[in-house]
1. Would you mind checking the tilt of helix 38-55 against the longest principal axis of the Cα atoms of the chain, expressed as 0 to 90 degrees and rounded to 10?
2. Restricting the count to DSSP beta bridges whose residues both fall in the chain, what percent are antiparallel, rounded to a multiple of 5?
3. List every residue whose amide H lies under 5 Å from the amide H of PHE79, counting only residues 5 or more places away in sequence or on a different chain, with H placed 1.01 Å from N in the peptide plane.
4. Which value, in Å² and to the nearest 10, is the accessible area of ILE24 when all protein chains are kept and the probe is 1.4 Å?
5. Enumerate the amide H contacts of LEU4 below 5 Å, restricted to partners 5 or more residues apart or on another chain; note that Pro and chain-start residues carry no placed amide H.
6. In the neighborhood of VAL26, defined by Cβ-to-Cβ distances under 10 Å, what is the net charge if each Lys or Arg adds +1 and each Asp or Glu adds -1?
7. Over the chain, with a single point scatterer placed on each C-alpha, what log10 of the ratio I(q)/I(0) does the Debye formula yield at q = 0.12, 0.23, 0.25, 0.26 1/Å?
Amino acid sequence: MINLQQDADGFIRMNRHFPGSTLISVTFNDGSSEEFFGHQLNKIYDEALAVYRAENHLDAKGYSRAPKKTVQPANKIEFVAVHAGMAK
């Protein structure tokens, strides 16, 4: 089992997919906790990534077709917003 803690802004650190059948416990700021399967968090991650890419004018693979302006990787996310009740 993987244990994750929600930060003060309501996010968990998730920069990759978890194995689909892995049980993941998320402890929220209010002290409650909820268990997710990996495939549930992976779906939440994919939706957050799609929103991020759309807001930043990136294509489906996360590439910008505009000329490169930075040297920092800007085509992925590391934090995903979660709240109690999402596992249901």
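1. Once rounded, the angle reads 30 degrees.
2. Numbers: 8 of 12 bridges.
The antiparallel proportion sits near 65 percent.
3. MET14
4. About 0 Å², ignoring ligands and nucleic acids.
5. Placed amide hydrogens put SER25, VAL26, THR27 under 5 Å from LEU4.
6. Working: positive: none; negative: GLU34, GLU35.
Local charge sum for VAL26: -2.
7. For the requested q values the scattering log ratios are -0.41, -1.10, -1.23, -1.30.
The values are calculated or read from the model by the stated rules, or taken from the named source; none is laboratory data. Bear in mind the structure is a predicted one, so any value in this text is a computation, not a measurement. Here Cβ is always computed from backbone atoms with ideal geometry, including for glycine, and neighbour counts include all displayed protein chains. Surface areas here come from the heavy atoms of the whole protein model, side chains and all, with no ligands, DNA or RNA. Shrake-Rupley method; radii C 1.70, N 1.55, O 1.52, S 1.80 Å.
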